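Taking it in order: structure first as C-alpha cells, then the write-up.
Nothing in this text is a laboratory measurement; each read-out follows from the coordinates by a stated rule. If you're wondering where the values come from, they're calculated on a predicted model, not measured in any experiment. A quick note on method: Cβ atoms are made from the backbone with ideal geometry, for glycine too, and the neighbour counts reach across all protein chains shown.
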Ligand SMILES: Cc1ncc(COP(=O)(O)O)c(C=O)c1O
C-alpha cells in the first residue's frame, strides 16, 4: 500500500480505454505537471471566498489576502533557506518566466555571457541564447554534468562569463546536478549561478546557503504546477543587488511615485511584481510546500526512489527497450523517472498505445531539451543537419524522441508493474488497436480516442 496516495486529488479517476469501458488511470506524467494535493485543493476552494487584490486595498478581504500572500513568500523563503536581507523571493508565472526575467536583467545589469550546459530544458537555454548570449558546455559521454568542462570554460573565458545556468535535475534522465559544486566553480571565476529547479524542487530540499558560503546558489527558479499546486504561479529567488535597474515588467504596484516625466521605483519585491499578482496560485504553492514538509518530504523521496529503481530495473529487462542514461538508479543522484526508446517503434506510437489501451499517461518526444536529446541519442552533426532540413520544411514525423514515465509519491508498485507489463507487450508488438500517424507526427487510434463524458 501507498501511504501518500490519500493526500492527492484526482489520482483514482477512471479513464477510457480501447474497446469500451474504463480503468483507473495511471499517471506517469508527473514531470510535466502534477495533480494537486487535497490540502491545496481545499485551500484554493476556501480562499475563493476570500481573495481580493493585495497591497493596496483597505477592505478586510484585501488585508487578509495581503497577509496570506506575504506569508506564502515567507514559506518559500524558509523552504529554500533564503535570508530575505540578501536575496528576494519574487512570485512569477513559472520557471520559464523566471529564467526569462533573469536573462533580461543579466543583459542589462551585467552584460557578460552565460554558461549553459547541454542538459538544459529550452526554458534554461533560449533566454540566455537570445538575450544575454551563451556559451554551451558539453556533458560527459553518459550524459552527466561535466565539472571539468565547466571549470575549463570558465578559465578560458577569464572573467567574461557572468552567470552559470544549469538545471537542478534533468527532465529527461532525472540526473541530479551537483549544483553547489558548480556554484563554487562559478564563484571562483567571478560568475553567479542560476539553478532551474523545476524538476528538483518537487522532490529534494534545496538550500541556497548563506552568501559567504562558496557553494551558495544565487538564483533558484521553480513552478507550482510541478509540485502539487495549480498552474500560473512560480518562484524566482535572486540576489537583491541584482534587481537594481529598471524592472523587466513595468506597471502598477512597482512604483512609489510617477510624475509627468519621472518614475520613482519602489523596493523589492514589489518593484519586480508589477500588475495584479497571482495571489491564489502563490498561496496554493505555499500550502503545497507546507503540506509536503508536514507529511514528510524526505520519506516521500525514499518511496519514490524505490519505485524509480523498480521501474528502471524492469525496463532494463525488457528486450528491445533502451533507457536514456542507462538503468543505474544512481541513488541518490537520480530522480524517479525513466525516458526510454523501444526498438522498431516510434515513441509516439508507444505513448499512444500506453494511453489508449492501458490507461497509462506518459509523455513522449524530445521534452523541450533538444540538445540533450541529441546527445543521448548519439546523433552526429550530419544527422542533425538532415533532421533540421526535414523538420523545418514540415516533416515533423522525422522528429526522434523517447517515452518518459515519471513518478510521484502517490504512485504505487502495482502501477509500476502494470506499466512494465504494458511496455513488455508493446515491445513484443502486441497491440489491441490500430494507429495512424498524423502530419504533426502524433499517433491516433484508428476510429478515434476512447472517450468518457466528464463535466467540469
Ligand atoms: C527542467 C525544466 N525546466 C523548466 C521547465 C519549464 O517550466 P514551466 O513550463 O513551468 O515554466 C520545465 C518544464 O517541463 C522543466 O522540466
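The figures follow:
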read-out: Percent of beta bridges antiparallel (DSSP, the chain, rounded to nearest 5); value: 65
read-out: Residue 384 versus residue 85: modelled label distance in nm, points set 7 Å from Cα along the beta carbon direction; value: 4.6
read-out: Angle between the chain longest axis and helix 147-157 axis [Cα atoms, degrees, rounded to 10]; value: 40
read-out: Fewest-first sequence of 443, 410 by Cβ atoms within 10 Å of each Cβ; value: 443, 410
read-out: Of all DSSP beta bridges in segment 50-293, antiparallel share, percent nearest 5; value: 50
read-out: Beta bridges per DSSP with both ends in segment 4-155, % antiparallel, nearest 5; value: 55
read-out: Angle in degrees between helix 60-80 and the longest Cα principal axis of the chain, rounded to the nearest 10; value: 70
read-out: Packing-based order for 4-10, 234-240, using average beta carbon neighbours within 10 Å, highest first; value: 234-240, 4-10
read-out: Modelled FRET efficiency - R0 30 Å, residue 295 with residue 22, Cβ distances, 0.05 increments; value: 0.50
read-out: Calculated SAXS-style log₁₀ I(q)/I(0) at q = 0.18 Å⁻¹ - segment 35-97, Debye, Cα scatterers; value: -0.85
read-out: Between 0 and 90°, nearest 10: helix 279-295 axis offset from the chain longest Cα axis; value: 70
read-out: Estimated [θ] at 222 nm from DSSP helical runs (n ≥ 4, -39500 (n - 2.57)) normalised by residues in the chain, nearest 500; value: -10500 deg cm²/dmol
read-out: Rel. contact order, % - alpha carbon contacts under 8 angstrom, at least six apart, segment 94-156; value: 31
read-out: The chain, Rg to Rh (Cα coordinates; Rh as Kirkwood inverse mean 1/r); value: 0.98
read-out: Burial order of peptide ranges 434-441, 258-265, 105-112 (average beta-carbon count within 10 Å, highest first); value: 105-112, 434-441, 258-265
read-out: Length released on extending from residue 454 to residue 160, taking residue separation times 0.36 nm less the Cα-Cα span; value: 100.3 nm
read-out: P(r) weight above 22 Å for segment 50-293, C-alpha pairs, percent; value: 52
read-out: Residue exposure sequence - 173, 153, 140 - by fewest surrounding Cβ within 10 Å; value: 140, 153, 173
read-out: Percent of Cα-Cα distances greater than 15 Å, calculated over segment 1-60; value: 68
